[in-house]
Amino acid sequence: MKSNRPVNLSMGQVLDVNLKSPVAIASILHRLSGVIVFLLVPVLLWILDKSLSSPEGFAQVQAVFDSFIVRFVVWVFVAGLIYHLIGGIKHLFADLGVAEELQSGRIAATISLILSAIGIVAAFVWIVL
């Protein structure tokens, strides 16, 4: 008799199955982008507060933005926002009944990945370079 008990898969087996599906990739990246945005919001709010506190604070923030590392961190935040926004819009459409089926869901996930990649590359050129 075949057992219907759950089977514990190794991380390699889980990734092997999930990395073949654009829907799974989009879902994992949506969660990751949410964590990135959540963790970087306090840093960017502090930078905003510093820049608005006084003319000297603004000059300090301007000087800090000459650093590649700071611009890269800002780009990571913007990239997370772009991906999370596009993924969120895809989820809103799915909640409305659009692209709920397997094939249309795959197409919607692929489109959201492509649009996000275009936006993230454009943000990299604008912020970092």
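The values are calculated or read from the model by the stated rules, or taken from the named source; none is laboratory data. All figures in this text were calculated on a predicted structure; none of them were measured in a lab. Note: ideal-geometry Cβ built from the backbone for every residue, glycine included; neighbour counts use all protein chains shown. Quick note on the areas: whole protein, heavy atoms, side chains included, nothing else; ligands and nucleic acids left out. Shrake-Rupley method; radii C 1.70, N 1.55, O 1.52, S 1.80 Å.
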Exercise. So what's the net charge close to A26: Lys and Arg +1, Asp and Glu -1, counting the other residues with Cβ under 14 Å from its Cβ?
Worked result: +4
Exercise. For segment 1-110, what is the convex hull volume of its Cα atoms per residue in Å³?
Worked result: 163
Problem set entry | Qualifying lysines (Cα of each under 28 Å from Cα of K90; at least 8 residues distant if same chain) | K20
Problem set entry | Helix runs (DSSP H) in the chain reaching 15 Å along axis by Cα, Kyte-Doolittle at least 1.6 | 22-53, 102-127
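Exactly which trypsin sites (Lys or Arg not before Pro) in segment 14-85 are in a DSSP loop and have at most 11 other Cβ atoms within 10 Å?
K20
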Problem set entry | For segment 25-80, the spread of Cα positions along each principal axis, largest first, Å | 44, 20, 10
Exercise. What does the accessible area per residue of the chain come to in Å², with a 1.4 Å probe and no ligands, DNA or RNA counted?
Worked result: 72
Seminar exercise, completed: If one builds a Gaussian network model of the chain from Cα atoms under 10 Å apart, the most fluctuating residue listed among G34, G87, G12 is G12
